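Trainee: The structure is given below, and queries will be raised subsequently.
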Amino acid sequence: MHIQVSGQQIDIGDALRTHVADKLNTGVARYFDQTLDASVSFLRERERFVCNVAVHVHSGLTLRADASATEIYAACDGAIDRLEKQLRRHKSRLKSHKGRGPSDGDVLRASYYVIDGEAEELAANGVDDAQPAIIAESPTAVATLKVGDAVMQLDLSGAPVLLFRNAGNGGLNVVYRRTDGHVGWIDPAFDPAVAR
């Protein structure tokens, strides 16, 4: 497992790096035997330490967890424990959904862009021809999923929104986390005869 440990305005020592590596290797190895990538970052907020952990799983899913505590090691342990709980749920869901996942032919290739929000500010201030700058671009895939599987991936990834092709009707759908905690689902009217 490749583990990147960083700190924002915190000096990360070798003892903490070793603790993070040991805890992640023992915790994650119970659920996945493939090499995974992990990113752990620490931040100090007044008297508390915040630990953010992100693990990229072989299925393309990124699981995230965070915790805060007055001790940096306690914050680390809390975040990794939460991550292990997510990994356990993910692994059990994979076993219960075996054979129902998308095949390589069911994936729509797309591009993912990160756009600078400054153009919106310029447009709000009266600049008419402001075009947003593309900060980052990366390839991504839009999987063909059942709605329940899309909600599962949304829950496990911690992302606010997930675009997918509906396995039931072939249309592009979106599931998203609402501010009240529920999941919203956008399913535009889809007519297969028109799509051809």
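The values are calculated or read from the model by the stated rules, or taken from the named source; none is laboratory data. Being a predicted model, the structure only gives us computed values, none of them experimental. In this analysis, Cβ positions are derived from the backbone assuming ideal geometry, glycine residues included, and neighbour counts consider all displayed protein chains.
Trainee: Taking Pro160, is it farther than 19 Å from Val107 by Cβ, in contact with a Gly (Cβ under 9 Å, 6 or more places away or on another chain) and surrounded by fewer than 12 Cβ atoms within 10 Å (Cβ to Cβ)?
Mentor: Criteria not met by Pro160.
Trainee: When only residues in segment 138-168 that are without any contact (Cβ under 8 Å) to a residue 24 or more places away in the chain and in contact with a helix residue (DSSP H, G or I) (Cβ under 7 Å, 6 or more places away or on another chain) count, which is nearest to Asp187 (Cα to Cα)?
Mentor: The extreme case among them is Phe164.
Trainee: Here are Gly126, Gly117, Gly171: which of them is surrounded by fewer than 17 Cβ atoms within 10 Å (Cβ to Cβ) and either closer than 24 Å to Leu63 by Cβ or modelled with pLDDT of 80 or more (or both)?
Mentor: Gly171
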